[in-house]
Amino acid sequence: MHVQPATDAQAWESFLTNRPDALFLQSWTMGEVYRDIGQEPVRLEIRNDSGAISGICQAIVVPARRGRHLMVQYGPVLEDPAALSPLLDTLKDIARDHHCSFLRISPFWPESQIPNPKSQIPDSLPSPLHLLSEYTWYIPLRQIDPWAELRTSESMHQRINDYAAPVTEESILKNMRKTTRNLIGRAQREGVTVVASSHPSADLNIYFRLQKETTHRHGFVPYRDSFIRAQVAHFAPKGQAIVYIARYKDEPVAASVHMSYASITSYHHGASTHKYAKIPASYLLQWTAIREALHRGDCVYNFWGIAPPSHESRVLSDEQPLKTHRSGHPFAGVTTFKTGFGGKPLPLMHCRDVPLSRTYRFTRAFETVRKWKRGF
């Protein structure tokens, strides 16, 4: 087993897209997105004794003022868990070479499979803040849930062949909250139209106008425009980024950026206007994206993050989870919206930090205060 720099984009993509946990954040293309905004990607591959790729890890050098660090988003992706130890050693060496004060890792590993995160990532601490969604909400688009068992060595294509038939639109509608179904129907009756843009890069201007209003209304810090532009510029020509626009009376009232990568559609960015607050355009937009993901043959519709459940909440069954989230959580509003479409949660292991210098303690103190101020 050998850890080395990755230089073959095609081999990287071939390995990743044949995995059930193939999130676009670990794609080769995503590294180029970060390069465009001035953050250097670091790509490592693990080769087994026969020379085949058995794992990959893409990290990004983040020159943040609160502390320069090396971040790993929803990675590494490994066939053999034994590869993790040498990979971590290599990542720490690279982080030091780039003058980073810590290594931050947010893997796409189900929380239930990692009872002791520190044993998986030695010398690590729980991060003060989450890096990515750690309580994901998703709809399985196959009758056998593709994410029921992650961190396996089976290829995605083999698993797809073993799945039962895709679910039907009728079954998805049946599993929605009644209010959500009614709002979708109401948007249709009110004449709302939703289309996937044929000029996604140009139509991002529509999205940004709506995003500016949304961030002002809800008081959150969005992704930078340059990041989203780079994301769409790199992924859209491959059919892997879709800009949806909902119109009412010929006026854009909601828009989104969805990622479609390796049979997983992810709702990544969204915005809407308050001008027609009583017109449920966002509900029809999501339903349109779900239907198109189903018709593409995708396996999962990923809503991304929601608020985690409160300590008093419980789960009645795998099919009908009863979740009560803390009302003051920053994600409370989107949680009600997303869970109304039906689906299930996927709790992931919390982000871990590996300190590499004494200055990390200042970053940790700063982020602890920020976490408190943001209400997490």
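Since every read-out is calculated from the coordinates, none of them should be taken as a lab result. The model shown is predicted, which means the values in this text are computed figures rather than measured ones. Heads up, the Cβs are rebuilt from the backbone with ideal geometry, glycines too, and the neighbour counts pull from every protein chain shown.
Could you list which residues have their amide H under 5 Å from that of Arg177, counting only those 5 or more apart in sequence or on another chain, with H placed in the peptide plane?
For Arg177, whose amide H was placed from the backbone, the distant partners under 5 Å are Phe341, Gly342.
Using the Karplus curve 6.51 cos²θ - 1.76 cosθ + 1.60 with θ = phi - 60°, work out ³J(HN,Hα) for each residue of the stretch 249-255 in order, rounded to whole Hz, and write x for Gly and Pro.
Those phi angles translate into 6, 6, 10, x, 10, 7, 8 Hz.
Once amide H atoms are built 1.01 Å from N in the peptide plane, which residues 5 or more positions from Tyr74, or in another chain, come under 5 Å H to H?
Ser106, Phe108
Search the structure for amide H atoms under 5 Å from the amide H of Gly270, placed 1.01 Å from N in the peptide plane, and list their residues when 5 or more places away or on another chain.
Counting only residues 5 or more places away or on other chains, the set is Val257.
By count of other Cβ within 10 Å, fewest leading, how are Tyr248, Tyr223 ordered? It would help to have the intermediate numbers written out before the result.
Working: Tyr248 20, Tyr223 12.
Ranking Tyr248, Tyr223 by Cβ neighbours within 10 Å, fewest first, gives Tyr223, Tyr248.
Just to confirm my numbers, what's the Cα centroid distance between the stretch 238-315 and the stretch 1-48 in Å?
26 Å
Beta carbons within 10 angstrom, averaged per residue: use that to sort the peptides 17-25, 36-44, highest first.
Working: 17-25: 20.8, 36-44: 15.8.
Put in order of decreasing packing, that is 17-25, 36-44.
State which helices in the chain qualify, where a helix is a whole DSSP H run, it must extend 27 Å or more along its own axis by its Cα atoms, and its mean Kyte-Doolittle hydropathy must be at least -1.0.
Working: long enough: none.
Long hydrophobic helices here: none detected.
Please check: in the Gaussian network model of the chain (C-alpha springs, under 10 Å), which one of Thr335, Thr168, Thr180 has the largest mean-square fluctuation.
Of Thr335, Thr168, Thr180, the most mobile in the Gaussian network model is Thr168.
Kindly rank 213-220, 133-140, 117-124 from highest to lowest mean number of other beta carbons found within 10 Å of each residue. Each step should come with its number before you reach the end.
Numbers: 213-220: 12.2, 133-140: 21.2, 117-124: 15.0.
The densest-packed peptide leads the list: 133-140, 117-124, 213-220.
Sort 69-77, 48-56 by packing, meaning the average of other beta carbons within 10 Å per residue, with the highest value first. Numbers along the way, then the final one.
Working: 69-77: 23.1, 48-56: 14.9.
Descending packing order for the listed peptides: 69-77, 48-56.
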